[in-house]
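Derivation of every value follows stated rules applied to the coordinates shown; laboratory data play no part. Nothing here was measured: the structure is a model prediction, and the numbers come from that model. With ideal geometry, Cβ positions are generated from the backbone for all residues, glycine too; neighbour counts draw on all protein chains shown.
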Amino acid sequence: MLKYFKTNLKKHTFLILIIFVFLQLPFSKSFSEESIFVVNDIEVKGNFDINFSRDKITNKAFINSFNVLMSKILLSKDLEKISDIKLKKIKNLIDSFQILEENYKNEEYRAVFKISYNDKKVKKFLRNKNISFTQPKNISAIFFPILLINDEIQDFDDNYFFKNWNEIEIGNETINYIMPIVDLDDILRMKEMKNTIEELDVDNFVNKYDVKNYVFSLIDYNNNKLNIHIKTNFNDNKKTKNINYKSINIEDKSKLNSILKDIKMEVTDIWKEVNVVNLLMPLTINIKFKHTDLTDLDKIKKIFYKISIIDSYYMDRLNINHSFFKIYYYGSPKRLQTEFLKFGYKLKNDQGIWQLYSND
């Protein structure tokens, strides 16, 4: 009888501790320091004279940080929809800010800011404007540019796009581009099939680089026209896109640099589209989680906080072996599975019941 009493006391104590842990869990979560809604290293400068105002400097940092945040999480086509936002509205979206560095030198003031945005308010702001946001992670991809001038494939040594790709920078770059090794066999194969090169099986050329992600760009210049055919593969999501330019001088380096930047922006948008979070269609999912002790519960609580497509959640019920959660999230079940997998957890649909367990 004493043994039975001790066992049940232990179970009830454990359950009470679990309840205590999750009573402190808010229904709506806020994001950690790793959040995409935290903008770091915003540098602002201003003249340090009789008209100097720290408020003006801070307001400038707010505006700059908002532009950085939007360029990071929005597709290029949606940036115009928020171009007229007022400073007052930007301030309303901000939770807090820090001045990480500041100094005065040669009558110039310089400060570096860290600005944290309220994810709930930002999402509501975007939702009201019918805009979805993206969460592109940093990835590596092989970039394979093929340049044809008047139907002749150019060697890489004569390929302006190959030689200058990494010289052109865009803001919030999330793709680390790997340039291909100059392989004469590859060039010869491409020249042999130049009339059908759009049907090229890109996988055959990129397999040797031990990178699954690729950007293949067929750039065809003829009669002062530049037609660009892009094939991408990001995390097994394959897409194609065409860009056309008229009245182009192939010797105009300034124009070519502008085109290079356009291509980079288009490729970045393709990667962003793979990671779009539709704010207009929140979903719910019921998850069964097996725990062994309070450490498991505390750990999964932190994971919920780190997965930014999870909007809110709560514990529905629990017993000595399992916790049952209701999660509100944006995206798709597959996307949620991918996010959990990044943190070492597997989300599996087992005969209609979603179960979450460690992927050790």
Name the residues whose placed amide hydrogens come within less than 5 Å of the amide hydrogen of residue 95, ignoring near sequence neighbours (fewer than 5 apart) on the same chain.
116, 117, 118
Sum up the charges of everything whose Cβ sits under 9 Å from the Cβ of residue 149, counting Lys and Arg as +1 and Asp and Glu as -1, but leave residue 149 out.
-4
Suppose the chain between residue 358 and residue 140 were pulled fully straight at 0.36 nm per residue; how much longer would it get relative to their current alpha carbon spacing?
75.8 nm
Convex hull per residue volume in Å³, alpha carbons only, for the stretch 139-274
103
Can you check what the Kirkwood hydrodynamic radius comes to for the stretch 98-146, Cα pairs only, in Å to one decimal?
15.5
Placing one equal point scatterer on each C-alpha of the chain and summing with Debye, one gets log10 I(q)/I(0) at q = 0.07, 0.12 Å⁻¹ equal to -0.45, -1.04
Rounded D (µm²/s) - the stretch 273-360, Kirkwood Rh over Cα pairs, Stokes-Einstein at 4 °C, 1.567 mPa s
97
Karplus couplings for the stretch 91-105 from phi (6.51 cos²θ - 1.76 cosθ + 1.60, θ = phi - 60°), rounded to Hz, Gly and Pro as x?
4, 5, 7, 8, 7, 7, 8, 10, 9, 6, 8, 7, 7, 10, 8
Under 5 Å, built H, 5+ apart or other chain: amide partners of residue 100:
112, 113, 114
Spelling out what I want: for every residue of the stretch 285-294, take phi, set θ = phi - 60°, compute 6.51 cos²θ - 1.76 cosθ + 1.60 (Karplus), and round to whole Hz; glycine and proline get x.
8, 9, 10, 9, 10, 8, 10, 10, 7, 5
Run the dipole for the chain about the Cα centre, Lys and Arg Cβ at +1, Asp and Glu Cβ at -1, nothing else charged, and hand back the magnitude in debye, nearest 20.
2620
Can you tell me the order of 351-357, 144-150, 256-262 when each peptide is scored by its average per-residue count of other Cβ atoms within 10 angstrom, highest first?
144-150, 256-262, 351-357
Can you tell me the FRET efficiency between residue 238 and residue 158 if r is taken as the Cβ-Cβ distance and R0 is 25 Å, rounded to the nearest 0.05?
0.30
Starting from the Cα of residue 174, step 7 Å along the direction of its Cβ; do the same at residue 150; then give the gap between the two resulting points in nm.
4.2
The ratio Rg/Rh over the Cα atoms of the stretch 38-134, Rh being the Kirkwood inverse mean 1/r radius, stands at 1.02
Could you pull out the GluC sites (Glu not before Pro) across the stretch 93-133 that fall in loop regions by DSSP (anything but H, G, I, E, B) with no more than 16 other Cβ atoms inside 10 Å?
107
Could the peptides 271-284, 337-350 be put in order, highest first, of the mean number of other beta-carbon atoms found within 10 Å of their residues?
271-284, 337-350
Give me the distance in nm between label points sitting 7 Å out from Cα along the Cα-to-Cβ direction at residue 294 and residue 127, one decimal.
3.5
Using Cβ contacts closer than 10 Å as the measure, can you line up 174, 134, 240 from fewest to most?
240, 174, 134
